[in-house]
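**Student:** Take this structure, written in structure tokens, and hold onto it; I'll ask about it next.
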Amino acid sequence: MSFTLKYKDLNDKREIPKENYTIKDLLDELELSAQTIVSKQNGELVIEDTVIDDGDEIQLVQIIYGG
């Protein structure tokens with residue numbers, strides 16, 4: 001079982017390492033904060049508790065702060 005990860009210039013096919021693997025698990029693995037990332041699953045905005053399923057496309061978008 002695998003999913004596609006899109007983040008910045010990254011476009012990787014990755015294996016789902018465990019059952020009930022969530023967006024939060026992925027962010028932890030990539031050492032990214034949910035406070036600075038917007039997550040999309042198959043084009044729809046999702047929360048970090050969302051489970052990643054086989055064949056999903058996960059896109060992570062960095063939030064840019066400015067002042």
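**Student:** Over the range 2-62, what is the mean sequence separation of C-alpha contacts under 8 Å (at least six apart), divided by residue count, expressed as relative contact order in percent? Could the numbers behind the result be given before it?
**Tutor:** Working: 102 pairs, mean separation 27.6, N = 61.
After rounding, I find 45 percent.
**Student:** About the Cα centre of the chain, what is the dipole size in debye to 20, counting +1 per Lys and Arg Cβ and -1 per Asp and Glu Cβ, all else neutral? It would help to have the intermediate numbers written out before the result.
**Tutor:** Details: 7 positive and 15 negative charges, 55 e Å.
My answer is approximately 260 debye.
**Student:** Taking every pair of alpha-carbon atoms in the chain, what share in percent sits in each 10 Å bin, from 0 to the bin with the longest distance?
**Tutor:** That works out to 22, 60, 15, 3, 0, in percent per bin.
Only the coordinates and a few stated rules stand behind these numbers; no lab work does. All values reported here derive from a predicted model rather than from experimental measurement. For neighbour counting, all protein chains shown are included, and Cβ atoms are generated from backbone atoms with ideal geometry for every residue, glycine included.
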